[in-house]
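Down below is the structure, laid out as structure tokens.
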């Protein structure tokens, strides 16, 4: 039996008078990988950023409707708690350049002023880096700056940083669009392992990626959620014409 | 650049001419085009040389000023030697010249001013750079702060004498030091106000430059605004903020008019920060017209040379840090 972790009803988001997300209704099941795809400017990234309330950091950004995490309204919670429970990985790898690899992993604890004993910190760092398959590559250089790593390693470091906070949901905003194919496939493999403990929502405009990594796919077009279904069904037997056109490459 | 000319004539091989057919019209058209191109290049060269000349004049001017200072201070350097810098007595009547009281006065008032201004300038930089980059209130604040730099310094001196000095005087009598009012402390207060815009506006632009993806990384981990500023913005901009502070120090060291009006103008070494004193710049301004002996005049000019060098060094260090910061 699938249990729903994120649920939105009639969800809208805009920048000033620009209405970018329209009436989105979606139920996201726990411990699944959900791909959100669609052409540029369709509102998929905006919708993603609404889930952990990053959208409202932009001046002029507003949203309305219902967005629930475990039946608790996200917009009635404190944004800090929301972001602790819903981690995020960005398009460009963004490790803190002034921090070492070790400090980058536990940056979330440091930023929030949570003091941990050294042994506990070591455990978290090793555990998080192991989860993203980076431990063996960096275990001898934990005190080097994170910015010395390659792009793919940096992105895995950012995933480790998000995983270290033990969130329930991980949001990925086009996590591989700045990476080379080999790093991309390493990150994609991670998704399968991470979904055992977390729910993953991945925005991508790469259809093959959506097909490879996700259990369910949501297709956004012009701010609307056009279709949301099992990935297999979506790619073999789409119900909506617009989805059909998109996955066959008639527009992009 | 394509230099091949098919079926036609080559007018100048270094021009991007391409004559496809060799009809007379086509060739004359190509010639016209070539002429225009030559004219463009000539104009461009003249323009470039004019710009260079203007720049060169400025360099020559600065070097000329430095040379003048060096040449004119030679008599004093010869007569007084290096101990001029640390001699404690300045008594032109007896022909005793020691720069130490003024060096001390300059450094004391400038650093004290810097110390007072830092919290204000950094707070303004953070407020304008991170909290409220847009809107009427931040715009108003930004323009007001920049206006501080535009007010003539004699106005500050006047305001200092009329308003600040009486306040300082009552403050001094309250804490039990000689209630003179004018002195190092008053001039530091005035200087602090005058130098705030330099560090504030440079700091603001540095804070504006912090990449948003780094800030988002911190927000995404559940950081508050203050935590983002403390852990991302400030570490990222610390060298830029430091450079801004250095530049405002350079400004404080050289400020003359406002300081002269409120510092008290004595050639004695100040006993404490409330005592009257003098800075290098204000001694020069005060005594230049009454310097009746060649050595006296030369000693004042040497003071100017020292001031010039100190400010140049501080400015160079500040610029160096900014360059390193913006190239990262």
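The values are calculated or read from the model by the stated rules, or taken from the named source; none is laboratory data. Keep in mind that this is a model prediction, so the values were computed, not measured. In this analysis, Cβ positions are derived from the backbone assuming ideal geometry, glycine residues included, and neighbour counts consider all displayed protein chains.
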Look through region A:196-208, keep the residues that are out of contact with any helix residue (DSSP H, G or I) (no Cβ under 9 Å at 6 or more places or on another chain) and within 28 Å of residue A:221 (Cβ to Cβ), and return whichever of them is surrounded by the most Cβ atoms within 10 Å (Cβ to Cβ).
A:199
Only unsatisfied item for residue B:223, checking (1) assigned to a helix (DSSP H, G or I); (2) within 11 Å of chain A (Cβ to nearest Cβ); (3) at pLDDT below 90, is (1)
Contacts under 6 angstrom Cβ, first residue in region A:37-53 being within 16 Å of residue A:63 (Cβ to Cβ), partner part of a helix (DSSP H, G or I), 6 or more apart
A:49/A:55; A:52/A:82; A:52/A:83; A:53/A:79; A:53/A:82
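Rundown of residues vs (1) over 22 Å from the mean Cα position of the chain (by Cα); (2) crowded, with 20+ Cβ neighbours inside 10 Å, yes/no style:
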{"residue": "A:96", "(1), (2)": "no, yes"}
{"residue": "A:99", "(1), (2)": "yes, yes"}
{"residue": "A:112", "(1), (2)": "no, no"}
{"residue": "A:127", "(1), (2)": "no, no"}
{"residue": "A:132", "(1), (2)": "no, yes"}
{"residue": "A:143", "(1), (2)": "yes, no"}
{"residue": "A:154", "(1), (2)": "no, yes"}
{"residue": "A:157", "(1), (2)": "no, yes"}
{"residue": "A:168", "(1), (2)": "no, no"}
Could you run through region A:56-83 and say how many residues are over 23 Å from residue A:176 (Cα atoms) and surrounded by 19 or more Cβ atoms within 10 Å (Cβ to Cβ)?
5
Among the residues of region B:69-86 satisfying the criterion of being farther than 14 Å from residue B:306 by Cα and surrounded by 16 or more Cβ atoms within 10 Å (Cβ to Cβ), which is modelled with the lowest pLDDT?
B:80
Spot the failing condition for residue A:128; the list is (1) in contact with a helix residue (DSSP H, G or I) (Cβ under 9 Å, 6 or more places away or on another chain); (2) free of Cβ contacts under 8 Å to residues at least 24 places away in the same chain, and only one is missed.
(2)
Search result, residues across region A:167-182 that are within 12 Å of another protein chain (Cβ to nearest Cβ) and at pLDDT below 90
A:178
Any chance residue B:112 is assigned by TED's automatic domain parsing to the domain that holds residue B:198, surrounded by fewer than 17 Cβ atoms within 10 Å (Cβ to Cβ) and more than 12 Å from residue B:200 (Cα to Cα)
no
Quick one: which residue in B:162, B:258, B:217, B:174 is crowded, with 16+ Cβ neighbours inside 10 Å, more than 19 Å from residue B:124 (Cβ to Cβ) and over 25 Å from the mean Cα position of the chain (by Cα)?
B:217
